[in-house]
1. For region 267-312, what are the residues that are modelled with pLDDT under 90 and either charged (D, E, K, R) or outside the structural domain of PRO257 (by TED's automatic domain parsing) (or both)?
2. Would you mind finding the one in THR272, THR301, THR231, THR296 that is under 26 Å from the mean Cα position of the chain (by Cα) and exposed (fewer than 15 other Cβ atoms within 10 Å of the Cβ)?
3. How many of the residues making up region 180-228 are outside any loop (DSSP other than H, G, I, E, B) and either modelled with pLDDT under 85 or in contact with a Cys (Cβ under 9 Å, 6 or more places away or on another chain) (or both)?
4. Any residue in region 266-275 that is under 26 Å from TRP155 (Cβ atoms) and in contact with a Ser or Thr (Cβ under 7 Å, 6 or more places away or on another chain)?
5. Residues of region 151-179 being outside any strand (DSSP E or B), modelled with pLDDT under 90 and either among the small types (Gly, Ala, Ser) or under 13 Å from the mean Cα position of the chain (by Cα) (or both), which ones?
6. Taking the options PRO279, PRO307, name whichever one is in contact with a Gly (Cβ under 7 Å, 6 or more places away or on another chain), of a type outside the set (Phe, Trp, Tyr), touching a residue at least 24 places away in the same chain (Cβ under 8 Å) and not in a strand (DSSP E or B).
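The values are calculated or read from the model by the stated rules, or taken from the named source; none is laboratory data. Computed from a predicted structure; not experimentally measured. FYI the Cβ positions are ideal-geometry reconstructions off the backbone, even for glycines, and counts take in every protein chain you see.
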Amino acid sequence: MRSSQRPLAASLLTAAMLAALVACSGAAAPEAKDTTPPTVPTGLTAASGSSTTVHVMWEAATDDRGVTRYQVLQDGRQVKEVPATAVMTDVTGLAPGARHAFAVRALDAAGNTSPATPAVPATTLRATTEDREPPTAPRALRATPDGPTTATLTWTAARDDTRVTAYDVYQAGVRVHTAPGTATTARLAGLRPGTAYSLTLRARDAAENSSPDSAPAELTTAPAPGAPPNTSPLALRATSARGEITLTWTPPETGAPVTHHELHIDGRFATTVVWGADPPSGRASYTFPAQAEPGTTLTLTLRARLPDGTWGDFSAPHTVVVR
């Protein structure tokens, strides 16, 4: 009898010891399931810029763990899905002169879905005769910060042989906003605090002809409360000729001469621009070989080395076409 009971006692002791070890190990309890949906996106607008497209924009939703994507609905049916970083999209392939209703809903990683926004109507433009003439470039573009994350743009209207149907706002060659063709002002949201931007504007007509870019407008948003001052180079400009690119800019105010600048091309480090003991006191200039095929568009940014040896903020990106 004794020999038959010993293994049972050992088994019970082992089980007790394992339970104690687990209790003392501090193992975290399983994470609670996410059942909270995101909030409903706000500020939805829908505007037709041609006979076959409608541009849909909205303001970001919030979520306790993070929005991952948005779904765009046309007449109650999902037609597009975009990542959380996008708060606008074009719905294309529509019939001319057709009226539709658009809505947006937000989703998180667990698949929780917000209610859809109230639907907003938009009617595509009527089909026009063959039109190959683009509008003129908008003029007098101005950008005024409204705080850390918003800004207001104003401009003088472009002209077109038919009519301007939309204005597209670009940042470093990427469209970030679209306004109706009747507008001469727009509000940008979702900007980063204490960040430099270089914005341009194009006019578009119903045949999707786009104007040349306007002259750029520089913008630096207000810093977040308690953030250090912005240290980015200002008013970066670039021109290209005979396979060379010439940059001009204004170094930041750092309390000491700025002897080093770091150039990045398309987001990658390219070179360090170094002056001796007497760097430029005003506008700085630097010319370098393009090392790219003619017609290539490059995005350029600069940052300055600060007196403490660290690198400051990047300038607003500026694009140039290699000539």
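1. ASP278, ASP308
2. THR296
3. 0
4. Looking for residues that are under 26 Å from TRP155 (Cβ atoms) and in contact with a Ser or Thr (Cβ under 7 Å, 6 or more places away or on another chain), one finds none in region 266-275, hence no.
5. Across region 151-179, the qualifying residues are ALA172, GLY173.
6. PRO307
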